[in-house]
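Everything below concerns the one structure shown next.
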Amino acid sequence: MVSSPTNVTNGVRPVGSMQTPLHERLALWAFRAPLIFMVLFFAIPMAMTVVFSVFERTMFWMEPGFTLTAYENFFFSARLGNFLNSMKYSLISVAICFVIGFPISVFVRKSIPQVAQHRVVLLFILPFMVSEIIRVFALRPVLQRNGLMNTALTNMGIIDEPITALLYTHTSVVIGEVMSFLPFIIFSGFLAMEAVPKFIFEVCDDLGVGPWRRFKDVILPLAAPGIFAGSVFIFVNGLGVALLPNILGGAGAVNAGLIATQAISALDFPLAMAVSAIMMATLMTLLWIGHKLFDLTKILTPLS
Amino acid sequence: MTFQTPPAVEVRNLAKHYGDFVALKNVNVTIAAGEYFVLLGPSGGGKTTLLRTIGGFQKPTSGDVFLHGKSVGHLPPDKRPTTMVFQAYALFPHMNVTQNVGYGLKVAGLPKAQIADKVAHALDQVGLTKFAQRKPHELSGGQQQRVQLARAIVLDRDILLLDEPLAALDAQLRKDMCLELKHLQEKVGITFIHVTHNQEEAMTVADRIALIANGDLVEVGRARDIYRAPEKSFTASFVGENNVLKGKVSDANGVSVTVDVAGAKLQVAKRDLPVSTGQNVTLSIRSECVALETVNDSNAPTDGLSMLGAYDESVYLGLTTSHLVRLPDGTEMVSRIIADADDTLPVNGAPVRLRWKPTDIRLHVE
Ligand SMILES: Nc1ncnc2c1ncn2[C@@H]1O[C@H](COP(=O)(O)OP(=O)(O)OP(=O)(O)O)[C@@H](O)[C@H]1O
Ligand SMILES: [Mg+2]
């Protein structure tokens, strides 16, 4: 059917004279929703953290003002050293989790029948059903002076005297972090291996690519986005989760999360805010440096 | 002293079982060096299994594979003189074309300059020089398969295994790539073993074809022979468009045999086959060799080279038209003719006569 040409040219809906239909306006808001979410729950709280960190400390709360006391308190005390140490040990935890966890992901992907893979991965997530406090507390009798570990090592004749450095030190915090966060790297590694097609292994067989090269040249670059995500997650939690150093740590073996928690217990809210702000700034700087060094966009999209 | 080069591939009594399931039973085949050999057969026949066993990607249950006269049963894929081109676009997604092609050489520890030379040469051979810097996802399917070819030939191994390399391409591109493959093989002069279930593809590229079905190697022969003079009735039914007729031998004395098919007595050359009277046999005639003519009387022909039937329908296929004719016993026969379907056709059910030349009908006993 041919409609009259005048109808077509004049049939355009006059702009502005009519209200856009409701569903179109709703659709528009749906697109904006993530932005609103980010502003409400990330940008505003982050800005408030920074603002509060320069407020004056009062007896029980704080009042508007501008002072850098909180930052002085952080930078010119043992807190700075502790903070840097906790970054170091978080990195160590990330590395250990990766070394233990990623091969497990590769193994599950490569050697377990397709139908069983997801069930096997679920097995690794089962420990999460137990409360984290209980899990972490349970490490104490394992690691303490007369604990399971020391007894076992002594009985096997590997050590003569119990190792006291196992508990209330950075070592125990790292052990706790590895135990708590290992499933994350296994899971993210498992998902990351989705980006590594199975045929790749046969091609490698055909070309005679040895296991190390195969890992370095093929698996790692392809799985990098997932591994990166898992590693950042573990690193951030290593820095921020106060629970682990609270239960397993000791003098000096604290992390940013515990420093902030302790500040809150001491009712020093500006200090707690400052620690959080410093943590955010550190993470952003690290990401920025990482981006400059390795071009994170490239790591996150290895196929383009 | 007579010196004979051993065949590129010799497969002896090869069998492969998956639990109770027999994927290959007792396969024997010999492939000469420099030959373009095609494994053709229906899906699930065992072609991939045979190819992968030759390449060392899986172990046979029993039997041996010899490559250039040496038993290779214990060798992994990279230690064999074979290399594989996979069906899917099996390229490293994060490497560009040059890196993909050169990776095998890098792993082998060749110096950089030599790698660059060889890669450039291989890319030139498959016509991809312009695409050297592209990533796989920036290439078409055909181009990706060419990268795989380059990656394989650059290794200088002299047996190339191709598992349905063109299956994912569209019909036109597949035709072009077929010819390209053939020319590439002639250029590099190495042995190609190519798996496909597409007979046109097989015909285009093959020096020789092996038919594989149900784990059996049914028949091996030159492409032309497989098409024109199939030995087994399975070959006849799978290759080309053959009419396959079942019948009973009524006279087997002499150079030709008389077979009762749907009430007609047909003559067929005996070719020294072991047949005896009363035996059930199969006859095959390619549909393009069957001529169709309308008849008025319904007297059964007695020349032994024609049959009567009732016209059923025609199927217009562009270049040819297939005429379907129903025999008295219900079997359908096809007569394929290069002609336009505009010609006046017999009406449905009209009596027609199908005839052929004595050389076009073949006897199969098995
Ligand atoms: N790992 C396996 N376990 C059990 N059965 C298998 C396995 N691999 C193959 N088969 C069976 O062996 C038979 C032959 O398989 P193969 O892949 O060799 O067939 P093919 O001729 O290549 O078929 P297609 O043309 O579909 O690729 C099939 O019936 C298949 O189901
Ligand atoms: Mg196959």
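The values are calculated or read from the model by the stated rules, or taken from the named source; none is laboratory data. Keep in mind the model is a prediction, meaning the values are calculated, not measured. As a convention, Cβ positions derive from the backbone with ideal geometry for all residues, glycine included, and neighbour counts pool all protein chains shown. Just so you know, the surface numbers come from the protein's heavy atoms only, side chains and all, with ligands and any DNA or RNA stripped out. Shrake-Rupley method; radii C 1.70, N 1.55, O 1.52, S 1.80 Å.
Structure above, values below:
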read-out: Of the trypsin sites (Lys or Arg not before Pro) in the stretch A:78-152, those whose Cβ has at most 13 other Cβ within 10 Å and which sit in DSSP loop; value: A:ARG145
read-out: Of A:VAL106, A:VAL130, A:VAL94, the one that fluctuates the most in a GNM where chain A has Cα springs shorter than 10 Å; value: A:VAL130
read-out: Shape of the protein assembly as shown, Cα gyration tensor, a/c cut at 1.5; value: prolate
read-out: Helical contribution to [θ] at 222 nm, DSSP H n ≥ 4, -39,500 (n - 2.57), averaged over chain B, rounded to 500; value: -7000 deg cm²/dmol
read-out: Considering only the protein assembly as shown, percent of DSSP beta bridges that pair antiparallel, nearest 5; value: 80 percent
read-out: Residue of A:VAL209, A:VAL99, A:VAL241 that the Gaussian network model of chain A assigns the largest fluctuation, springs spanning Cα pairs under 10 Å; value: A:VAL209
read-out: Accessible area of B:LYS270 in the full protein assembly, 1.4 Å probe (Å², nearest 10); value: 40 Å²
read-out: Qualifying trypsin sites (Lys or Arg not before Pro) in the stretch A:190-280, DSSP loop, other Cβ atoms within 10 Å at most 13; value: A:LYS198
read-out: Antiparallel content of DSSP bridges confined to the stretch B:9-228, in %, to 5; value: 55 percent
read-out: Relative contact order, percent, the stretch B:241-364 [alpha-carbon distance under 8 Å, six or more residues apart]; value: 29 percent
read-out: Per-q log10 I(q)/I(0), the stretch A:120-202, q = 0.17, 0.25 Å⁻¹ (Debye; single scatterer per alpha-carbon; no solvent); value: -0.79, -1.15
read-out: Sequence of B:ASP117, B:ASP163, B:ASP78 when ordered by accessible area, the most exposed leading, probe 1.4 angstrom; value: B:ASP117, B:ASP78, B:ASP163
read-out: Prolate/oblate/rounded label for the stretch B:9-228 (Cα gyration tensor, a/c 1.5); value: prolate
read-out: Percent accessible area from carbon and sulfur atoms, the protein assembly as shown, protein chains only, probe 1.4 Å; value: 62 percent
read-out: Range in chain A, longest, excluding exposed chymotrypsin sites (Phe, Trp or Tyr not before Pro) [loop by DSSP; at most 12 other beta-carbon atoms within 10 Å]; value: A:77-304
read-out: Unsatisfied cross-links (Cα-Cα over 18 Å) in the set A:LYS198/B:LYS130; A:LYS216/B:LYS106; B:LYS25/B:LYS59; value: A:LYS198/B:LYS130
read-out: Contact order relative to length of chain A, as percent, for alpha carbon pairs under 8 angstrom and 6 or more apart; value: 26 percent
read-out: Distribution of pairwise C-alpha distances over the stretch B:241-364, 5 Å bins, in %; value: 2, 12, 22, 24, 17, 12, 7, 4, 1, 0
read-out: Relative contact order, percent, the stretch A:96-247 [alpha-carbon distance under 8 Å, six or more residues apart]; value: 31 percent
read-out: Highest-fluctuation residue, B:ALA310, B:ALA23, B:ALA339 considered, GNM on chain B with Cα pairs under 10 Å; value: B:ALA339
read-out: Label-point gap, in nm, between B:ALA339 and B:ARG228 - each point 7 angstrom along Cα→Cβ; value: 2.5 nm
read-out: FRET efficiency, B:GLN4 to B:SER62 (Cβ-Cβ, R0 22 Å, nearest 0.05); value: 0.20
read-out: Prolate/oblate/rounded label for the stretch A:69-218 (Cα gyration tensor, a/c 1.5); value: prolate
